[in-house]
Amino acid sequence: MRQMDPQLTPYLTFNGNASEAMKFYHSILGGELTMQTFGEAKMAGTPGERDLIVHAVLKNERLTFMASDAMPSRRAKFGDNVHMSISGHDSPGMTKIFNELAKGGASTCPLRNSSGGTPSASLPTSSAFTGWST
């Protein structure tokens with residue numbers, strides 16, 4: 001059996017809007033989105049926790065990332081240090097993704113060719129979903 005190469009998968013934590021955020025990213029990035037609530041997992045301690053997301057995965061042919069809502073009793077503390085970095089060889093596709101994700105946000109590194117000639121960019125989350133936590 002071939003051993004799988006290590007992979008890093010971003011895991012984002014939200015304070016009650018993980019479902020909305022993941023649906024937003026799914027609308028831009030496509031792929032398969034699966035989400036499970038605390039209620040479905042029988043982990044809700046209160047009725048207010050029932051609809052929070054305990055685990056979400058967005059996966060397409062290029063990327064995978066996961067997310068959840070923090071428990072209200074242990075809210076996520078956000079900063080401005082988490083960004084989405086995109087890179088690849090498909091310039092038209094990259095431009096479309098970059099422009100959609102940049103709406104309402106601010107790019108810290110505009111879309112351009114890297115030193116290796118590959119288009120890349122870095123931008124924080126849309127202002128609608130500020131405060132990612134890893």
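Please treat every number below as a calculation from the coordinates, not as lab data. What you see is a predicted model; the values in this text were computed from it and never measured. Counting neighbours? That spans all protein chains shown, and the Cβs are built from the backbone with ideal geometry, glycine included.
In terms of packing, defined here as the mean over residues of other Cβ atoms within 10 angstrom, the peptides 55-66, 15-26, 40-51 line up highest first as 15-26, 55-66, 40-51.
State log₁₀ I(q)/I(0) for the range 8-74 at q = 0.12 Å⁻¹ as given by the Debye formula over alpha-carbon point scatterers of equal weight, solvent excluded. Debye output, listed in q order: -0.29.
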